[in-house]
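First up is the structure itself, then whatever we jot down about it.
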Amino acid sequence: MKALNHPNIVNLIEFQETADYIKRDGRKVKVVSIAMELAQGGELFEYVADSGRFSEPIARFYFKQIIESKP
């Protein structure tokens with residue numbers, strides 16, 4: 001994912017396989033840490049789940065944007 005660079009993909013900024021996280025009770029635990037670019041506006045999945053299916057013209061618009069932006 002770190003090698004990907006595309007306007008329609010959220011970029012991976014940093015990945016740590018072992019990071020320390022301190023819990024509220026003071027215990028330290030090992031966790032996986034992923035830092036990604038901020039994507040405002042929510043996820044497309046959530047939008048579709050809330051609003052229902054896209055009509056064919058709307059779906060074509062979004063997929064056309066994805067296909068046209070491929071290198």
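The values are calculated or read from the model by the stated rules, or taken from the named source; none is laboratory data. Computed from a predicted model, the values in this text were never measured in an experiment. Virtual Cβ from ideal backbone geometry, glycine too; neighbours counted across all protein chains shown.
Is it true that some residue in segment 33-46 is surrounded by 10 or more Cβ atoms within 10 Å (Cβ to Cβ), assigned to a helix (DSSP H, G or I) and either out of contact with any Lys or Arg (no Cβ under 6 Å at 6 or more places or on another chain) or not aromatic (Phe, Trp, Tyr) (or both)? Looking through segment 33-46, at least one residue is surrounded by 10 or more Cβ atoms within 10 Å (Cβ to Cβ), assigned to a helix (DSSP H, G or I) and either out of contact with any Lys or Arg (no Cβ under 6 Å at 6 or more places or on another chain) or not aromatic (Phe, Trp, Tyr) (or both).
Taking the condition without any contact (Cβ under 8 Å) to a residue 12 or more places away in the chain, assigned to a strand (DSSP E or B) and of a type outside the set (A, V, I, L, M, F, W, C), does ASP25 pass?
no
A Cβ distance below 8 Å, combined with a sequence gap of six or more or placement on separate chains, defines the contacts here; from segment 37-49, residues that are touching a residue at least 40 places away in the same chain (Cβ under 8 Å) and outside the structural domain of TYR62 (by TED's automatic domain parsing) reach no residue that is β-branched (Val, Ile, Thr) and in a helix (DSSP H, G or I). For segment 8-22, the set of residues classified as in a strand (DSSP E or B) and of a type in the set (S, T, N, Q) consists of GLN16, THR18, listed by residue number.
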